[in-house]
Amino acid sequence: MTSGVRASIVIPAYNAQRFIAGAITSARAQTLRDIEIIVVDDGSRDGTATAALDAAGNDPRVRVICYEMNRGAAHARNVALAAASGTWIAPLDADDAFSPDRLARLVPLAETVGADLLADNIELDLPGVPALTAFRHGEQHPRHPLSLLRFLALDTPGSEDLPAGFMHPVMRRTFLERHGLTYPEDIHAGEDFHLYVRAMLRGARLFCISDAYYRARVRADSLSRADPARNAEAFTRSIAALRAEADALGQRRISRALSRRADALASYAEYSRLADALRERRLAEAFRRFARMATRRYTWQRLRGAAARRLIPRRPGALRTLGGSRP
């Protein structure tokens, strides 16, 4: 790849034959032309690699890297990071898409405000649901970076918005390299959230805007929503590692906030089991679970929120069900 590339779009892909062409097409359609597109096929067992090469056409900006063994999205992203030469890294999931002007808007803005990470809103594509956005915390004209404490508070599971860890910011490559930051390959879920927190612990300036230029397809078989028990274990290890890092850096308030987040995740998991028992009319189990949870502040916050939504509908239930998918 030639030097002086403005942005590197990195696309990890696993068994994404049905979607990968859309992601690559949206990347190639960027009105910001000095880009490169790095696709990493992470040991797919379908025709992902062939579909990616077909979608690339003869565009010299597109590179497809193939691995025979599946090693996870974090590994695929790290391979792409190592290969990238752009000033900015723009992650794109294989089943999602960029609007054509996304990078033309985000990259100059990030440079103007002095961002290390800059995130736009996300337009969610849910079957049978009108278009809606994921977040309400962004500014139209960002003036102040989002603090790490605020970021952690916005990632509370079960809220009306998606957790902040779902965002897909453009990231300044030199900041990541200077601090040796990569995606954690031993944490299979929430690895993007983990990277953002590590970056902000080291002083990264994260700005958020309210406009949505990222289009996310919400699928029932999404990897981030599969195997909740295994995901919960990954989230626990992630928080333990981040707490240790915060303590080592003298960030005691952040460490305490991460502890609160661990408690909230555990409470969310318990509340979800309670809600499932009620929905399926397993009343004896529901009573036992409620008795164990009745002293938790989180339980009453969720119950009040559920009651309020019955009186004043706010966000579609399909969005709320995604709240615990990532840490």
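The values are calculated or read from the model by the stated rules, or taken from the named source; none is laboratory data. Fair warning: this is a prediction, and the values are worked out from it, not measured in the lab. When we count neighbours, we look across all protein chains shown, and the Cβ atoms used for this are built from the backbone with ideal geometry, even at glycine.
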Per the filter on region 184-227, residues of a type in the set (A, V, I, L, M), closer than 19 Å to R261 by Cα, crowded, with 20+ Cβ neighbours inside 10 Å and modelled with pLDDT of 95 or more are L195, V197, A199, M200
When residues of region 99-120 are limited to those that are crowded, with 22+ Cβ neighbours inside 10 Å and of a type outside the set (A, V, I, L, M), the one farthest from R178 (Cα to Cα): R102
Output yes when any residue across region 17-35 is among the basic types (K, R), in the same structural domain as L103 (by TED's automatic domain parsing) and over 26 Å from L106 (Cα atoms), and no when none is. yes
If Y14 satisfies all but one of (1) surrounded by 22 or more Cβ atoms within 10 Å (Cβ to Cβ); (2) within 18 Å of the chain's Cα centre (by Cα); (3) under 22 Å from H194 (Cα atoms), what's the number of the condition it fails? (1)
Among the residues of region 147-186, how many are hydroxyl-bearing (S, T, Y) and either in contact with a helix residue (DSSP H, G or I) (Cβ under 6 Å, 6 or more places away or on another chain) or assigned to a helix (DSSP H, G or I) (or both)? 4
Tell me which residues, restricted to region 20-31, are part of a loop (DSSP other than H, G, I, E, B) and surrounded by fewer than 20 Cβ atoms within 10 Å (Cβ to Cβ). A29, T31
The listed residue being within 20 Å of R205 (Cβ to Cβ), in the same structural domain as R28 (by TED's automatic domain parsing), surrounded by 18 or more Cβ atoms within 10 Å (Cβ to Cβ) and not basic (K, R), out of L124, L152: L152
Search region 32-55 for residues being of a type in the set (V, I, T) and buried (at least 24 other Cβ atoms within 10 Å of the Cβ), and hand back the single one that is nearest to R77 (Cα to Cα). V40
